[in-house]
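As structure tokens, the structure follows; a few thoughts come after it.
The values are calculated or read from the model by the stated rules, or taken from the named source; none is laboratory data. Please read these numbers as outputs of a predicted model, since none were measured by experiment. Note: ideal-geometry Cβ built from the backbone for every residue, glycine included; neighbour counts use all protein chains shown. Only protein heavy atoms, including side chains, enter the accessible area calculation; ligands, DNA and RNA are left aside. Shrake-Rupley method; radii C 1.70, N 1.55, O 1.52, S 1.80 Å.
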Amino acid sequence: MKNGAVLAGALALAVSTGASAQSMTPSGLLRQIGGVLSGKSGSQAKVSHPLYAEQAGIYWDLDEDTLEGAQHLREGLSSTGAQGIDMCDMGLLAMAHSAYQLRPDKRQWCLRQAWVAAKRTTGSKEAEPSAAVIEQRFGPAFDARLERFKGIRRYAVRPNFKALGGISYNADRGVMEVFVPMPQISLAGLSVTGKNFVPWIRKTPTGVSSPPNAGRYRLLIRMDPAEAANLARQGRSFQDDRVVFSVNRVWIDGTEPKMDVTVEKVSLGYRNETIEVDVTKNQGEGA
């Protein structure tokens, strides 16, 4: 069962790339835990549903349409947080708030992804139907989701930390440094930016390069070595990772969409507790 207690000791937050971590009293950071009574998080309870025909937990990122009170952007990740099925939600989001359009072949690919997800989560043995049949079956829901996204600005996603993110403890500074990965709109990358994101491109007198952790949201969490060691002993629980953000604008650069967002909340899951950081309460704090 996860621990719902507030952190003991001083723990502080910072959200600015150039700022140091800010002090906070223990009561300022709530470790919000889902499913305390059952001993499982909400996502864990979902993946045990008998509809999941493969290994329990494989498609926990497809299991609900809202997360943290925001629209769930589906990644189709497995319970290990490392693999899954691209459900094209970022493409739908880009289309909902810009003039971006999916190419016909890309739309066909996205609808096939929906068929694959449905087959795996229901245990169907159906052979792959024609593109026309898949369009008829999954196209209307795809289009309806696009229409719904047009009226939505707040989204939540389970970030793929295991494959793309970074979490490390800096003992010299007394902070946990977190680089939150955001889902990209296209394979071309360079698509999601915003305040406190590491720039995709760094220009220097000697040339242009991509810095470490480019395109990731940077968050600092102050904690003492004992707390960091305790978290390391627990190990991570990827299904409890969350990032909630609002979309400021989407635009087209050449043929590829780009997006500017404001991160509102980041949650990091550990086996016994979940660290939840409300970024909006720390915006603009000085060093």
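Do any residues in region 161-175 that are among the aromatic types (Phe, Trp, Tyr) have Cβ atoms under 8 Å from those of residues that are open to solvent by 60 Å² or more (accessible area, probe 1.4 Å), where the two are at least six apart or on different chains, and which pairs are they?
From residues that are among the aromatic types (Phe, Trp, Tyr), the pairs are Tyr169/Pro225; Tyr169/Ala232.
Scan region 73-94 for residues that are crowded, with 19+ Cβ neighbours inside 10 Å and out of contact with any Cys (no Cβ under 8 Å at 6 or more places or on another chain) and report the count.
Going through region 73-94 one residue at a time, the tally reaches 15.
From the set of residues in region 154-174 that are over 14 Å from Thr66 (Cβ atoms) and among the basic types (Lys, Arg), which is modelled with the lowest pLDDT?
Lys162
Which one is surrounded by the most Cβ atoms within 10 Å (Cβ to Cβ), of the residues in region 203-240 that are touching a residue at least 24 places away in the same chain (Cβ under 8 Å) and among the polar types (S, T, N, Q)?
For region 203-240, the residue satisfying everything is Gln239.
Considering only region 146-157, I want to know if a residue exists there that is open to solvent by less than 30 Å² (accessible area, probe 1.4 Å) and among the acidic types (Asp, Glu).
Taking every residue of region 146-157 in turn, none turns out to be open to solvent by less than 30 Å² (accessible area, probe 1.4 Å) and among the acidic types (Asp, Glu).
Could you list, in sequence order, the residues of region 131-146 that are of a type outside the set (Val, Ile, Thr) and touching a residue at least 12 places away in the same chain (Cβ under 8 Å)?
Those that are of a type outside the set (Val, Ile, Thr) and touching a residue at least 12 places away in the same chain (Cβ under 8 Å): Ala131, Glu135, Arg137, Phe138, Gly139, Ala141, Phe142, Arg145, Leu146.
Considering region 130-166 alone, what residues qualify as being in a strand (DSSP E or B) and touching a Lys or Arg at 6+ places or on another chain (Cβ under 8 Å)?
The answer is Ala156, Val157, Gly166.
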